[in-house]
Amino acid sequence: MALDPVHIGTGQTRIGRVDNTIVRETGTNIPKIPGTSLMGAARSYASLVYGKPEAAGQHKNLKPEQMKDCPIVYTFGTYSNGNNDAVAGQQGKINISDAQILFFPVYSMAGPVWVSTSEILESAGFEAEISGSSVIHGNSPDDTIYTSLNWKQDTLNLGWLHLNKSKYKLTVKPPSETANKKEWESIKQRIVIVPIKLFSQIVNSNLEVRTSVAIDHETGAAENGALFTYEAIPRATWFWSDVVQDDYNYNNRKFPPTTNQFSDEGDNRGKQQLPKPWNSPLDVVKSGFEVMEFLGVGGMTTRGFGRIKCIADWRL
């Protein structure tokens, strides 16, 4: 769940509603958080937790002796360091998929609601029922929505879009990893399911757009003609993503159980203990994700962007 607006920029500017746009899925035009962004942030933060910042980023400064028994290298992998044959490339043991939008917050006459589709919910492991029957894809008119709200009126607006509300009550059942979380309890009675053809329009019409100006470093004042706008996925958006441990050596315990940080004497020998022991590559990734709750992911984190929080329980 996004604790702040999230801006994963495309690295380009364009003429349009905003200057700096965010990454979108090509086929649907729906914003997302690329798996590469999550992987890079998880590696960087896990390296900080481990006390070995040189293992983050492009890790060009790693020496051959620093790679043996290193949980960061074992988890995320590395590449061959130039022409040094002693430092061979190593494949990582973790796969992280793109984080897709699961519930998108939108203002309405009934207050904030979280919008999704039956197809997205099914992909993420949620079950949607309408008055005891499963939601049937494409069974409703294109302008009809289902909601778990206790809303008596026959219509409901989602931002600027006014839609007919079905008379049947919606119930959404989450997977077991999310069912008992307080964050889920706060939104489960405020969910709206819309036709899939409208979801992209609703999301892109309700993104957060901010305006900033570049600062002249010599004067400390706003630079003339340097006004620009940028968009972001709003806070309280829910995402879903798969984090898969692909470790064929796990049963042979090639991964060193790690309880202590890195030190000059070698990996896993520091006097400072880790917040939690690392018994698998998934533990390393989890530690990186936990830091994202404080330091964020993506761009403009110094401007209050990027913090995300894991809601679902991790399991191996």
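Which of the GluC sites (Glu not before Pro) found in the range 219-316 are loop residues per DSSP with 11 or fewer other Cβ atoms within 10 Å of their Cβ? Answer in residue order: Glu265.
Whole-Hz Karplus values for the range 176-189 come out as 4, 5, 10, 4, 9, 7, 5, 5, 5, 4, 6, 10, 5, 9 Hz, taken residue by residue from phi with 6.51 cos²θ - 1.76 cosθ + 1.60 and θ = phi - 60°; glycine and proline positions read x. Amide H contacts of Thr237: Ala2, each under 5 Å away and 5 or more positions distant or on a separate chain (H built 1.01 Å from N in the peptide plane; Pro and chain starts excluded). Among Ser148, Ser44, Ser263, the residue with the largest mean-square fluctuation in a Gaussian network model of the chain, with springs joining Cα atoms closer than 10 Å, is Ser263. Summing Lys and Arg as +1 and Asp and Glu as -1 over all other residues whose Cβ lies under 11 Å from the Cβ of Ser108 gives a net charge of +2. Taking amide H atoms as placed 1.01 Å from N in the peptide plane, the amide H of Asn20 lies under 5 Å from those of Thr229, Tyr230, Glu231, each 5 or more residues away in sequence or on another chain. Between the Cα long axis of helix 281-295 and the first principal axis of the chain there is an angle of about 60°, rounded to the nearest 10.
Computed extension gain for Val244 through Lys197, at 0.36 nm per residue and net of the alpha carbon distance, reaches 13.9 nm. Just so you know, the Rg over Rh for the range 235-308 is 1.07, from Cα atoms, with Rh as the Kirkwood radius.
Normalised by the number of residues in the chain, the average gap of Cα pairs under 8 Å and 6 or more apart makes the relative contact order 28 percent. For the Cα atoms of the chain, what angle does the longest principal axis make with the long axis of helix 35-50, in degrees from 0 to 90, nearest 10? Its long axis makes an angle of about 50 degrees.
Output the peptides 183-191, 242-250, 278-286 sorted from most to least packed, where packing is the average of other Cβ atoms within 10 Å over each peptide's residues.
Top of the packing list down: 278-286, 183-191, 242-250.
Our summary gives the range 193-316 a relative contact order of 12 percent, counting only alpha carbon pairs under 8 angstrom and 6 or more residues apart.
Its alpha carbons give the range 165-316 an Rg and a Dmax of 22.1, 68 Å. What would the Debye formula give as log10 I(q)/I(0) at q = 0.10, 0.11 Å⁻¹ for the alpha-carbon point model of the chain, no solvent? Scattering profile of the chain, log10 relative to I(0): -0.69, -0.80.
Taking only the Cα atoms of the range 189-246, the radius of gyration and Dmax are 18.8, 53 Å. In order along the range 301-311, the Karplus-derived 3J(HN,Hα) couplings, from 6.51 cos²θ - 1.76 cosθ + 1.60 at θ = phi - 60°, round to 5, 6, 9, x, 10, x, 6, 10, 10, 7, 9 Hz, and Gly and Pro are given as x.
Computed 3J(HN,Hα) for the range 239-254, one whole-Hz value per residue from the Karplus formula 6.51 cos²θ - 1.76 cosθ + 1.60 where θ = phi - 60°, is 10, 9, 8, 9, 10, 10, 8, 10, 10, 6, 8, 4, 5, 8, 6, 6, glycine and proline marked x.
Each value in this text was obtained by applying a stated rule to the coordinates, not by laboratory testing. Just so it is clear, the structure is predicted and the values come from calculations on it, not from any experiment. Neighbour counts are summed over all protein chains in view; Cβ atoms, including those assigned to glycine, are modelled from backbone coordinates with ideal geometry.
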